[in-house]
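Written below as structure tokens is the structure these notes are about.
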Amino acid sequence: MTEPRPLTGKVALVAGATRGAGRGIACMLGEAGATVYGTGRSVRGRPAGSRPETIEETAERVTALGGTGIAVQVDHTDEAQVVALMDRIRQEQGRIDVLVNDIWGGDELTEWGTPFWKLDVPKGFAMLERAIHTHVLTSRHGVPLMLDHPGGLVVEITDGDAATNRHYRSNLFYDLVKTTVMRLAFGMAQELRDYRIAAIALSPGFLRSEAMLDHFGVTEETWRDAIEQDPSFAESESPWFVGRAVAALAADSHALTKSGQSLASWTLARDYGFTDVDGRQPNMGRLLEEGTRSRFVVVVDAVRERLRADGRDPDAVLQIDADRLVLRGRVGEPDNAVWLPWCTGHADLWFRSPGDLAAAFIEWWHSVGASD
């Protein structure tokens, strides 16, 4: 006898299911037996951007995996379209059990390496609209279909868990989006508590999305060939991995104990025991923590070397807070000193050279009144 699928009879909405994490989540909810409404703007013959993926393809994969996939073209920045979507689900299903907000659309809008006072404001505001406003609209109109059915789940997909996002994400608008999405889950968790509905922020790791595979010139079958280009790709994960994280949460009768938290695919894999499609349990969090700390140590060494070259005693003018990735430079004489913080972010540590960051610290320190 075939074992019953854990989400048989459940209704899920994955907003932003065209590709990447959204497609992986929709498919794994389908594999667990759910009826999945997958929304997006790209449909066959009318792509919304340069990518070829469509919501129909996602729905077909959901059905092939054992669920029921339903594709609906929706622009979630348009409240009227969101309301129409919820009216349709209400008429066809009468409820939503799992609501996943995965809309992003900010890659082309992120200006890495540009200080906030030089950012393109319309681009930044467009990012906020695409990646925050859409989540608010979808939850505002989708959650009422959940309130009469305890045990539901709202998932906010972000980039980075609580440990990662306590550090600055190296671009003002990107940082606002990724931390705000976490806060949306936290706030909704408080207000949904009495309805026994969990709200959780969730991050994938180094995602082998369609765009990322294209970037490295590999496929899902040959992805290991890209490790030579980027060793950290060894800890990458398929979109199915974060999908299995959502499916595990949705099937967990005690998911409410995690409500309000910001979690990651790799931590939930440890909790629930699921693996990626290749049997691995990639752990991008461990790689990030170890790699970031080791890079920070190298930057500190470079700063100390520059201070010595300038005739300074590093121990007299420099303080290190490795936990927060902060350097503090002394301003003023020892008996009346002020220690001003200079923060690095994950992106800086991973993508800028130690010498460049050391030079940036020294320049900043002099600009604020370095101690003689």
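The values are calculated or read from the model by the stated rules, or taken from the named source; none is laboratory data. Given the structure is predicted, the values throughout are model-derived calculations rather than measurements. With ideal geometry, Cβ positions are generated from the backbone for all residues, glycine too; neighbour counts draw on all protein chains shown. Ligands, DNA and RNA are stripped out before the accessible areas are found, and what is left, the full protein with its side chains, is counted by its heavy atoms. Shrake-Rupley method; radii C 1.70, N 1.55, O 1.52, S 1.80 Å.
Those strands (runs of 3 or more DSSP E) of segment 1-99 in which at least 2 residues are more than 17 Å from L249 (Cβ to Cβ) and open to solvent by less than 50 Å² (accessible area, probe 1.4 Å), considering only elements entirely within it, cover 35-40, 68-73. Scanning segment 140-166 for residues that are among the hydroxyl-bearing types (S, T, Y) and assigned to a helix (DSSP H, G or I) yields a count of 1. Here the condition is being over 26 Å from G260 (Cα atoms), without any contact (Cβ under 8 Å) to a residue 24 or more places away in the chain and β-branched (V, I, T); of V62, V72, V121, it holds for V121 alone. When each of I55, I89, I103, I96 is tested for being modelled with pLDDT of 95 or more, touching a His at 6+ places or on another chain (Cβ under 6 Å) and hydrophobic (A, V, I, L, M, F, W, C), the lone residue that passes is I103.
Checking each residue in segment 188-205 for being farther than 20 Å from G105 by Cβ, surrounded by 13 or more Cβ atoms within 10 Å (Cβ to Cβ) and either without any contact (Cβ under 8 Å) to a residue 40 or more places away in the chain or under 22 Å from the mean Cα position of the chain (by Cα) (or both) picks out M188, A189, I197, A198, A199, I200, G205. Within segment 240-260, the presence of at least one residue that is of a type in the set (V, I, T) and free of Cβ contacts under 8 Å to residues at least 12 places away in the same chain is confirmed.
Quick check on segment 49-56. Is at least one of its residues more than 23 Å from I197 (Cβ to Cβ) and over 23 Å from the mean Cα position of the chain (by Cα)? Yes: one or more hits. In the set (1) farther than 30 Å from T8 by Cα; (2) open to solvent by 40 Å² or more (accessible area, probe 1.4 Å); (3) in a helix (DSSP H, G or I); (4) touching a residue at least 40 places away in the same chain (Cβ under 8 Å), the condition left unmet by V177 is number (2). Restricting attention to segment 337-352, and to residues there that are out of contact with any Leu (no Cβ under 9 Å at 6 or more places or on another chain) and assigned to a helix (DSSP H, G or I), which single residue is nearest to Y168 (Cα to Cα)? In this case the residue turns out to be A347. M212 passes every criterion in (1) buried (at least 19 other Cβ atoms within 10 Å of the Cβ); (2) under 20 Å from the mean Cα position of the chain (by Cα) apart from (1). Restricted to segment 145-159, and to residues there that are among the acidic types (D, E) and within 26 Å of the chain's Cα centre (by Cα), the residue that is least open to solvent (accessible area, probe 1.4 Å) is E156.
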